[in-house]
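Before any comments, here is the structure.
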Amino acid sequence: MLTQITEFATNHALLALAFAALLVLTVLNELKQVTQKFSKISPAGAVQLMNADEDNVLILDVREPSETAGGKIAKAVQIPVGNIQQRLSELEKHRGKQVIVYCKTGTRSGIACKALNKAGFDQVHNMTGGVMSWQEAHLPLVKK
């Protein structure tokens, strides 16, 4: 069997190299998922968490102000992801609360979640799909 694998790899070097690269990338992605200190939460899960203990939940919108014209989740605090480090003091009073972080699609909120974890916030949730998945679930936004 090993000789057949070696022969295949020799005859199809490009395929064998592509397979090895995909394998390495998959392993690295899985390690990243295991070592991250924040959880992912769906819009439905976020609503459940908010309804269960409204006073113990901070909703953090990390979109830019220009992106919030279409609305934001009710009671969300808006701090653009690029300003999280400089504005951590504003979030200090929420330490110990569940923090639900969202952006437009869920990418920038992951960056914010990492920054919050690094700053000592330990109950951080990244809302998967961001405000787009919130809207797809027909959940309300408020315009301020």
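The residues of segment 99-129 that are surrounded by 20 or more Cβ atoms within 10 Å (Cβ to Cβ) and either without any contact (Cβ under 8 Å) to a residue 12 or more places away in the chain or assigned to a strand (DSSP E or B) (or both), listed by number, are V99, I100, V101, Y102, V124, H125, N126, M127. Pairs are defined by a Cβ separation below 6 Å, a sequence spacing of at least 6 or placement on different chains, a first member in segment 85-97 that is without any contact (Cβ under 8 Å) to a residue 40 or more places away in the chain, and a second member that is not charged (D, E, K, R); the pairs so defined are R87/I79; L88/A119; H94/L58. I'd like to check something: does segment 99-122 contain any residue that is of a type in the set (S, T, Y) and over 17 Å from the mean Cα position of the chain (by Cα)? Scanning segment 99-122, I find no residue that is of a type in the set (S, T, Y) and over 17 Å from the mean Cα position of the chain (by Cα), so the answer is no. Scanning segment 97-141 for residues being under 14 Å from A76 (Cβ atoms) and among the β-branched types (V, I, T) gives a total of 4.
Throughout, read-outs are computed from the coordinates displayed, never taken from laboratory work. None of the values given here were measured: they were computed from a predicted structure. Methodologically, a virtual Cβ is constructed for each residue, glycine included, from the backbone with ideal geometry; neighbour enumeration extends over all protein chains shown.
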